[in-house]
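Enquirer: Just passing along the structure, written as structure tokens.
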């Protein structure tokens, strides 16, 4: 089980695991709420690392934090919503597709107004070695931030430094997170059917 510390959060990446990732725009969540979710996230991650008997329960609770975080993002009205702009959504969508079969096997994604969900499996680079989550998220976020800032003629940070992720423990859990990802616009009341949302993808 590979554990990478990026900024403040620990990211767990078991070899060959499929991973659900959420990353968001800078300033899209109030600082106090973001801090509380991060503290709880770190707490359950430590349990996963150090208490094997509690690992499964802690993993489920850690995943529930991602859903709670998602609800906060959906309810955030006074934050940036740059991804509503179709030009920006296209930049992000293109970058996610570009890395498919180069850094990861892309299973699903959904671009919302202030955050993005992706379900992917990092590709192997050697026996027991896989492309890191850090490299994957940096590739997507760095490229898109540069492109968007150039488009909008603005400086500064576009994405929040951190991303939240959860590794799937079974095929049924993979399918559950894929369904959750593509149904995000339906849950938000933006469309009636996932197929109506132009900024999402599900591998067939």
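We did not get these values from a lab; they are worked out from the coordinates using the rules stated. Values in this document were obtained by computation on a predicted structure and should not be read as measured data. In this analysis, Cβ positions are derived from the backbone assuming ideal geometry, glycine residues included, and neighbour counts consider all displayed protein chains.
Enquirer: Angle, helix 86-98 long axis vs. longest principal axis of the chain, Cα atoms, 0 to 90°, nearest 10?
Expert: 40
Enquirer: By how many nm would the segment from residue 54 to residue 192 lengthen if fully extended, with 0.36 nm per residue of separation less the alpha-carbon distance?
Expert: 45.8 nm
Enquirer: For 160, 100, 75, what's the fewest-to-most ordering of other Cβ within 10 Å of each Cβ?
Expert: Exposure proxy ranking, most exposed first: 75, 100, 160.
Enquirer: Can I ask one more? Between 0 and 90 degrees, rounded to the nearest ten: what's the tilt of helix 171-182 against the longest Cα principal axis of the chain?
Expert: 20
Enquirer: Between residue 86 and residue 149, what is 0.36 nm times their sequence separation minus the Cα-Cα distance? Round to one decimal in nm.
Expert: Separation in residues times 0.36 nm, less the Cα-Cα distance, equals 21.2 nm.
Enquirer: How much FRET efficiency would the formula 1/(1 + (r/R0)^6) give for residue 33 and residue 157, where r is the Cβ-Cβ distance and R0 is 22 Å, rounded to 0.05?
Expert: The formula returns an efficiency of 0.70 here.
Enquirer: Using only Cα atoms, find the angle between the long axis of helix 31-50 and the longest principal axis of the chain, and express it within 0 to 90 degrees, rounded to the nearest 10.
Expert: It works out to around 30 degrees.
Enquirer: Right, something else. Relative contact order (percent) for the chain, with alpha-carbon contacts under 8 angstrom and 6 or more residues of separation? Write out the running numbers ahead of the final one.
Expert: On the way: 294 pairs, mean separation 63.0, N = 204.
Relative contact order comes out at 31 percent.
Enquirer: Restricting to the chain, what percent of DSSP beta bridges are antiparallel, rounded to 5? Don't skip to the end; give the middle numbers.
Expert: Values: 29 of 30 bridges.
Of all bridge pairs located within the chain, approximately 95 percent are antiparallel.
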